[in-house]
Every structure is written in C-alpha cells, then in structure tokens.
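Trainee: The structure is given below, and queries will be raised subsequently.
The values are calculated or read from the model by the stated rules, or taken from the named source; none is laboratory data. This structure is a prediction, so every number in the text was calculated from the model and none was measured. Cβ atoms come from the backbone with ideal geometry, glycine included; neighbour counts cover every protein chain shown.
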Amino acid sequence: MNDFTHLLEDPSRKVTLLGMALNVVLIFLKLWGGMVGHSTALIADGLHSISDLFSDFLVLWGLKIGEKGPDTDHHFGHGKIETIATMGIGILVVATGIGIGIKAASRIPGGSSVQPEFLVIIVALVSLATKEAFFHYTRITGERFNRPLLISNAWHHRSDALSSLVVLVGAATIRLKPEWGFMDFYAAILVSILIIKSGSSIFIEATKDIVDTAPDPELCRRIEEVTKATEGVVELQDIKIRRSGRYVLVYLEIGVKPAITVSEAAKIAEKLEQNIKDNLQEAFEVSVNVKPAGSPTIKC
C-alpha cells in the first residue's frame, strides 16, 4: 500500500497509472461497443487502446530504470533507457497500425458492409473526449518535469483520440447514409494510417537522441549566455551537447586570459560548470576544457 501511495506521489508515474486505468476501461468499452454495435472501426480502435496499455507499462519501466544514477557499468547514468523505452513505444504503435490496416483491407474485396448502431457514436465520443484530455494532461506533465518519455506517451493518447474521431465521423456518416456501410472498413484503414504515422514520429524522435543529433538551438543559446556571463571566461570556443533521456551532457571549451595560473583557470571552469547546472535543470554532466583565449572557435 505504501509503495502504491509512493507511486501516486510522483507526478510522472501518477499520470501514467491514471492513463493505464483509462485504457483498461476503454479497451473493454470499445471492443464491447464494436461487437454489439457492429463496427469494425471501433474494434480496431479498441485494439489500438491495447497498444496504449502496453506503452504505459513501457513508460513505467523506463521511468524507473532511467532515474538510476551512474554506476560502475554505466558511467553516464541510465538516461538512455528512457529513450529506448520511447523507441519501443514507437515500434509498438506502428505494429498495431499495420495489423489493423491489414485486417480492415482484407474485408473490402468481399463487398461486405456494416451498419453501426448509435452506441458506436456514443463510445467513440467518450473515447475522443477522455483521450484528448489525457493527451493534454500527460504532455503538460512531461514538459513540466522534462520527461520526453511522457511526452511521447502523450502523443500516443492523441493518436487514440484521432482514431476515435475517425470512428465517430465514419459511424455518423453511415447512420445518415446507410448505403455507405462499406465506409466503416475504410475508416478502420484511415485509423491504421494515423496510428502508423504517430508511431513513426515517436520512433524517429527517439532515434535522434540515440545517434546524438544536435539539440535544439535554443538550448545552445542558453548555455552560451551562462558561459559568457561567468566571470573569467573570455570566449566560448566550442560547445557540444548530447541527450541521455531527459538529461543533457554538455562539453565546453572556453578561452581565458593566457597569463592566469592553472589554479585560477580550474576555478573558472568549476564556477562555469556550477552555473550551467544551476541554470539548466536537465544538465546531468558538464565538462569544461580550458584553453588560452584566441584559439579557433566552433559554433554549436
């Protein structure tokens, strides 16, 4: 009980656990609504919610492991675990989308059609409203606490909301035009395309961190401002930044007056490291190399 209370005290885990509870409810609601209401698209949407539930488990695992600090085997901490979990979410979403699309497309050649009941519209509307709300709740929490893994999961919620929107529009259209019953299968295919697109975006963004893609220029600008404001720093000669999950590792080369002592240069470097950590919450490690001013510079 105490462990569960502790989980709820952590905003990142709390929003994920609440999302899991919502997904469990929506899975049963959509699958039941799809079968009773005769909607292939809503059943496909229910399968999408199952992938959401698996992604929530991945998020909890990534949050737990990613928070571990450095050890003898991982000198730079475990931040990349969060990135790997994010990639896993992307792969899971894409696989779900492909499976839904193949199943829906296989129904089209037979010329079959369905007539969704009004229940389908109600279920899709409930899913759309709750999933869109959880998209904003999860995204805001992720941005507030700098958790890219949460932000990726938020977009998974958004993809589910979009899927429900497609189901809603498709079911409403067929209710108005019963002869368009075949549209339910095309709606399911459109759902699968939206899911695949969402999963691909999540995977690609995570891959950028794995291959140490250059960060947002705004991050470089903030570090440059702190560096130039640090007493004793004459110039910033080089700056390299790489991400490790929600953290960043910063490597700097600065120029100082050539006449100062090694001890004075070391104090300037230590002060700069502390200033960056104080002003950049996500800075996990800052390494400063000191050179005489006037050396060639490299832009971030």
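Trainee: For residues in the range 100-146 being part of a helix (DSSP H, G or I) and modelled with pLDDT under 85, which is surrounded by the most Cβ atoms within 10 Å (Cβ to Cβ)? Can you show your working first?
Mentor: In the first step, residues of the range 100-146 are kept if they are part of a helix (DSSP H, G or I); the result is 100-107, 118-144.
Those still in the list that are modelled with pLDDT under 85 too: 100-107.
Numbers: I100: 26, G101: 19, I102: 11, K103: 17, A104: 22, A105: 14, S106: 10, R107: 17.
Going through the qualifying residues, I end up with I100.
Trainee: Let me ask another. In the range 227-256, what residues are farther than 30 Å from G88 by Cα, touching a Gly at 6+ places or on another chain (Cβ under 8 Å) and assigned to a loop (DSSP other than H, G, I, E, B)?
Mentor: Matches in the range 227-256: V233, V234.
Trainee: For the condition surrounded by 19 or more Cβ atoms within 10 Å (Cβ to Cβ) and either within 17 Å of G33 (Cα to Cα) or out of contact with any Gly (no Cβ under 7 Å at 6 or more places or on another chain) (or both), what is the one hit in V211, V167?
Mentor: Details: V211 fails: surrounded by 19 or more Cβ atoms within 10 Å (Cβ to Cβ).
Only one candidate qualifies: V167.
Trainee: While we're looking at this one, here's another question. When residues of the range 261-285 are filtered for being of a type outside the set (D, E, K, R) and in contact (Cβ under 8 Å) with a residue 24 or more places away in the chain, how many remain?
Mentor: The first filter runs over the range 261-285 and keeps only residues of a type outside the set (D, E, K, R), leaving 261-263, 265-266, 268-269, 272, 274-276, 279-281, 283-284.
Keeping just the survivors that are in contact (Cβ under 8 Å) with a residue 24 or more places away in the chain gives 265-266, 268, 272, 275-276, 279-281, 283-284.
Selection size over the range 261-285: 11.
Trainee: Within the range 227-238, which residues are buried (at least 19 other Cβ atoms within 10 Å of the Cβ) and not polar (S, T, N, Q)?
Mentor: Result: V233, L236.
Trainee: Same structure again: Restrict the check to the range 269-280 and report whether at least one residue is out of contact with any Asp or Glu (no Cβ under 7 Å at 6 or more places or on another chain), closer than 15 Å to D238 by Cα, modelled with pLDDT under 90 and loosely packed, with under 13 Cβ neighbours inside 10 Å.
Mentor: The answer is no; no qualifying residue exists.
Trainee: For the structure I just gave you, tell me whether A269 is in contact with a strand residue (DSSP E or B) (Cβ under 7 Å, 6 or more places away or on another chain) and in a helix (DSSP H, G or I). Explain how you work it out, then say what you get.
Mentor: Values: in contact with a strand residue (DSSP E or B) (Cβ under 7 Å, 6 or more places away or on another chain): yes; in a helix (DSSP H, G or I): yes.
It is true that A269 is in contact with a strand residue (DSSP E or B) (Cβ under 7 Å, 6 or more places away or on another chain) and in a helix (DSSP H, G or I).
Trainee: Which residues, taken from the range 186-233, are of a type in the set (S, T, N, Q) and modelled with pLDDT of 85 or more?
Mentor: First pass over the range 186-233, keeping only residues of a type in the set (S, T, N, Q): 192, 198, 200-201, 207, 213, 227, 230.
S200, T207, T227, T230 - these are the residues of the range 186-233 that are of a type in the set (S, T, N, Q) and modelled with pLDDT of 85 or more.
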